[in-house]
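A.B. asks: The structure is given below, and queries will be raised subsequently.
The values are calculated or read from the model by the stated rules, or taken from the named source; none is laboratory data. Note that the structure is predicted; figures quoted are calculated from it, not measured. Cβ placement follows ideal geometry from the backbone for every residue including glycine, while neighbour counts extend to all protein chains displayed. Just so you know, the surface numbers come from the protein's heavy atoms only, side chains and all, with ligands and any DNA or RNA stripped out. Shrake-Rupley method; radii C 1.70, N 1.55, O 1.52, S 1.80 Å.
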Amino acid sequence: MGDILQKEGWNCPESVELNIWVRVFRCNEDKFDPKKLLELGKPFPELLNLIAQLRHNAVHRVRHVIDDLRNKDLLESILKEKPQEIDAQRHELGNLECKVVEDMLREDNEYQTLASANLEQAIGAPTTIQQSASTSEHDTSSEVEVEVESVRRTSFVHVGESGSSSKPTDMAC
């Protein structure tokens, strides 16, 4: 491209307007390495059109470019904010999940404590459960006494080893 600079009398590449370079590049496309042109990511003619449009928009201060840039900036700021919002929501959900698990474990522990106490009470005083049932409205003291007496009398014992089976016997407590 140095020979074009000399031929046209340009002292440096920067002294030439961008739209002129676009025309020069189009006329000399065959002088560029085809492999390098493929690495541009866009077809060479399309890239040159974009360069020409950029120069036109800059020189003529085209308003839609400014609006597009503002819109782009707005979209970029939204794009930056969204992951932050999502991270905050993830953090909030994580905290909520931890609270739910803690509540569940606490309630389970309370239930186990209550169940254990009830079991210990049932093992330690079997007549207490039956007697406490008598305090309900539907039971009378005579019904409870019959139930307690029935439990006291019925028992299963093993009789001998000569093939006898277990049988209920009356026992007084």
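A.B. asks: Could we say that THR169 is assigned to a strand (DSSP E or B), open to solvent by less than 80 Å² (accessible area, probe 1.4 Å) and at pLDDT below 85 here?
C.D. replies: Yes.
A.B. asks: A further question on this structure: When you look at LYS35, is it among the basic types (Lys, Arg), open to solvent by 90 Å² or more (accessible area, probe 1.4 Å) and at negative phi, yes or no?
C.D. replies: Spelling it out, LYS35 is indeed among the basic types (Lys, Arg), open to solvent by 90 Å² or more (accessible area, probe 1.4 Å) and at negative phi.
A.B. asks: Identify the single condition in (1) open to solvent by 80 Å² or more (accessible area, probe 1.4 Å); (2) modelled with pLDDT of 90 or more that GLN84 does not satisfy, given that it satisfies every other one.
C.D. replies: Unmet for GLN84, out of (1) open to solvent by 80 Å² or more (accessible area, probe 1.4 Å); (2) modelled with pLDDT of 90 or more: (2).
Residues are listed down the side, and each one gets a yes or a no for (1) in contact with a helix residue (DSSP H, G or I) (Cβ under 8 Å, 6 or more places away or on another chain); (2) surrounded by 10 or more Cβ atoms within 10 Å (Cβ to Cβ); (3) at pLDDT below 90; (4) of a type in the set (S, T, N, Q):
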{"residue": "GLU76", "(1), (2), (3), (4)": "no, yes, yes, no"}
{"residue": "GLN89", "(1), (2), (3), (4)": "no, yes, no, yes"}
{"residue": "GLU97", "(1), (2), (3), (4)": "no, yes, no, no"}
{"residue": "TYR111", "(1), (2), (3), (4)": "no, yes, no, no"}
{"residue": "SER116", "(1), (2), (3), (4)": "no, yes, no, yes"}
{"residue": "THR154", "(1), (2), (3), (4)": "no, yes, yes, yes"}
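A.B. asks: Another question about this same structure. For the range 7-28, state whether one or more residues are polar (S, T, N, Q) and assigned to a loop (DSSP other than H, G, I, E, B).
C.D. replies: Yes, because at least one residue in the range 7-28 is polar (S, T, N, Q) and assigned to a loop (DSSP other than H, G, I, E, B).
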